[in-house]
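Presented below is the structure to which this report refers.
The values are calculated or read from the model by the stated rules, or taken from the named source; none is laboratory data. Computed from a prediction, not measured in an experiment: that's the story for all the values here. Glycine also receives a Cβ, built like all others from the backbone with ideal geometry; neighbour counts cover every protein chain displayed. With ligands, DNA and RNA removed, areas are computed over all heavy atoms of the protein, side chains included. Shrake-Rupley method; radii C 1.70, N 1.55, O 1.52, S 1.80 Å.
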Amino acid sequence: MAEVLGRVDGYCGGHSGSLHISARELGVVLTSTIVGGGLSLAPGVALAQRMGQGEQGGVVVVFFGDGAACEGILHESLNLAVQWQLPLLFVCENNQWQAYVHRLETMGEDAIYRWAHGHGLETQRIDGNDVDAVGEAARQAVAAIRADSQPRFLELLTYRQRGHLEPDDLAYVDHAERERWLQRDPIALMTERLKREGVLQDKDFRIIEQQVRQRIDAAQTFAEASAWPDPQRLLQHVYA
Ligand SMILES: Cc1ncc(C[n+]2csc(CCOP(=O)(O)OP(=O)(O)O)c2C)c(N)n1
Ligand SMILES: [Mg+2]
């Protein structure tokens, strides 16, 4: 059988969706479909960084959700990161939902950054819908990690606007709460601010929107023109 029926594009030889990407050239070690999976690997990657692998002064960043924060691996990783003085930034995207369960059914109001703080590192809770606040906190955290070789932790408070999956009627959602958060959509907030400060005008936003649409269309065309991977390679690089 022919090795491949045409050119297979995409990450990981066409084997991955957005949940399983590894792109070394972009500095992306992996994404994982196992909730909390990234947390288990991040200290190892950061240890390699500390031992001289990777770019000089590089900092490892691990992103995870409020659901992942409820798993034991968060504590193990935080503890190792502090004890081993790892160049590791923990970023918890607290979007209030863990599939179909509201996070307040699984933890106290202010739990996440306090849990992390208990392990002896600096933690901060940020308005995750304020683009500037997130950018500034991230820059400061990375600079601080480079300066004292201690990990840092950011909790970004935000809200999941859509369902867990696309076919999701949101019947279990508190619509008043969702509505409040929709009023604070991060892109809308940033747009308003840039207009108010006279940085950009309506026509500039229309151009940006058009450019984004073109990029998405081009990516879709590219993906649809790519070949499917050969079924014979289905089990390649599968370890369990
Ligand atoms: C170990 C594990 N348990 C359960 C699931 C099923 N699952 C997929 S996403 C998800 C919710 C994750 O919530 P959170 O960590 O808050 O991430 P979010 O989707 O909100 O970004 C669950 C339970 C899984 N993928 N892995
Ligand atoms: Mg969540």
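Here is how the numbers come out for the structure above:
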quantity	calculated
Residue list for region 96-117, restricted to those being touching a strand residue (DSSP E or B) at 6+ places or on another chain (Cβ under 6 Å) and of a type in the set (A, V, I, L, M, F, W, C)	Ile112, Ala116
Leading residue by the ranking (most open to solvent (accessible area, probe 1.4 Å)) among those in region 161-201 that are assigned to a helix (DSSP H, G or I) and of a type in the set (Lys, Arg)	Arg196
Whichever residue in region 101-154 is among the hydrophobic types (A, V, I, L, M, F, W, C) and part of a strand (DSSP E or B) and, among such residues, is surrounded by the fewest Cβ atoms within 10 Å (Cβ to Cβ)	Val101
Residue within region 3-25 that is hydroxyl-bearing (Ser, Thr, Tyr), farther than 25 Å from Ser149 by Cα and in contact (Cβ under 8 Å) with a residue 24 or more places away in the chain present	no
Residue ID - nearest to ligand 2 (Cβ to nearest atom), chosen from residues in region 56-108 that are among the charged types (D, E, K, R) and more than 13 Å from the chain's Cα centre (by Cα)	Arg103
So Val238, is it more than 28 Å from Leu39 (Cα to Cα) and free of Cβ contacts under 8 Å to residues at least 40 places away in the same chain	no
